[in-house]
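As structure tokens, the structure follows; a few thoughts come after it.
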Amino acid sequence: MKCLRFAVILLIACSTAILPWAAGAGEMKESGREGGQSVSEPQFREAFSRYLCTHLKKPTSDVVVSKFKVSENLPVPSGPVSLQIFQKERGSLVGLVRLSAMVSVNGVVRHEVTLSGWVDVFEAAVCTARPLKKGEVLKKEDLYVTRENVSRLQGQAVTDMDEAVGLMVRHGIRQNTCLKEWMLEKAPALDKGAAVTILAQMAGLRVTVKGVALERGYPGEMVKVQNSMSQKAILARVIDSAHVMVEF
């Protein structure tokens, strides 16, 4: 009797140990019959980021992707997988960005996946070191450079201090404001009311006379000036801030 009980207990214990292995073996066979695979989200994210960095011409440290989402990601057959990332409609690669990924296995296109995410781009930005008034011409001491999230700035940010120096402020700007291109314009070489020397040259004869600018102008531009001797207004080409040339 005792031997029979022992045999029954041993049989139950052995059966319990075998069940998990049997279930696992069944799953492995089912997976093997399907022979499929799925591209993981990290793989899509890496391809998404690589595309952005290439087209924005930025290092990975300057491009941050958040709220990343993969849509319509279906299983594909087993084999080497390749991804081709592209943008269906031309648009900004900053802020909310949508791209498409063509998934291929063994060189054969299987399906298309939609990728989306919020893209922040960090780069040098030129900011104001003091309040600026309309019409002021920027000097180096008026500015400083810092690293900013330019994707959240409205308008194209100014990123090169040397390019900003010498430009004129179009309207009043507060201190510590990151400059945008639309805030600045080329400063005129000649201001309205400025005293100028009017140059005239013809047949080897060169004549100079004093005058006054009646309007502001840029180098090479035609402006009205007044001849101080005759008091007549004439057109002359701007040479610099103090000289204009009459053309015959």
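A short reminder: the numbers here are calculations on the coordinates, not readings from a lab. None of the values given here were measured: they were computed from a predicted structure. Heads up, the Cβs are rebuilt from the backbone with ideal geometry, glycines too, and the neighbour counts pull from every protein chain shown.
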Let's see if you can work this out: charge +1 on each Lys and Arg Cβ, -1 on each Asp and Glu Cβ, no other charges. What is the dipole magnitude of the stretch 109-200 about its Cα centre, in debye to the nearest 20? 340 debye
Long-range amide H contacts for residue 68: which residues qualify at under 5 Å (H placed 1.01 Å from N, peptide plane, sequence gap of 5 or more or a different chain)? 118
Anyone know which of 214, 184, 52 comes out most mobile in the 10 Å Cα GNM of the chain? 214
If one takes the longest principal axis of the Cα atoms in the chain, at what angle in degrees, from 0 to 90 and to the nearest 10, does the Cα axis of helix 41-56 lie? 20 degrees
So what are the ³J(HN,Hα) numbers for the stretch 92-98, from phi and the Karplus equation (6.51, -1.76, 1.60; θ = phi - 60°), rounded to whole Hz, Gly and Pro as x? 5, 9, 10, x, 6, 10, 10
List, largest first, the extents of the alpha carbons of the stretch 195-246 along their principal axes, each in whole Å. 29, 23, 15
For a quick check: with amide H placed at 1.01 Å from N, whose amide H comes under 5 Å from residue 221's, ignoring anything fewer than 5 positions away on the same chain? 238
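How much net charge surrounds residue 214 when only other residues with a Cβ under 12 Å from its Cβ are counted (Lys, Arg +1; Asp, Glu -1)?
Details: positive: 192, 216, 224, 232; negative: 191, 215.
Summing Lys and Arg as +1 and Asp and Glu as -1 gives +2.
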If you find the alpha carbon centre of the stretch 182-237 and of the stretch 67-129, how far apart are they in angstrom? 56 Å
Within a Cβ distance under 9 Å of residue 68, other residues only, what is the Lys/Arg minus Asp/Glu net charge? +2
So if R0 is 51 Å, what FRET efficiency would residue 147 and residue 203 give, r being the distance between their Cβ atoms, rounded to the nearest 0.05? 0.25
Fraction of the pair-distance distribution of the chain above 30 Å, Cα-Cα pairs, percent: 62 percent
Give the angle, between 0 and 90 degrees and rounded to the nearest 10, that separates the Cα long axis of helix 2-34 from the longest principal axis of the Cα atoms of the chain. 40 degrees
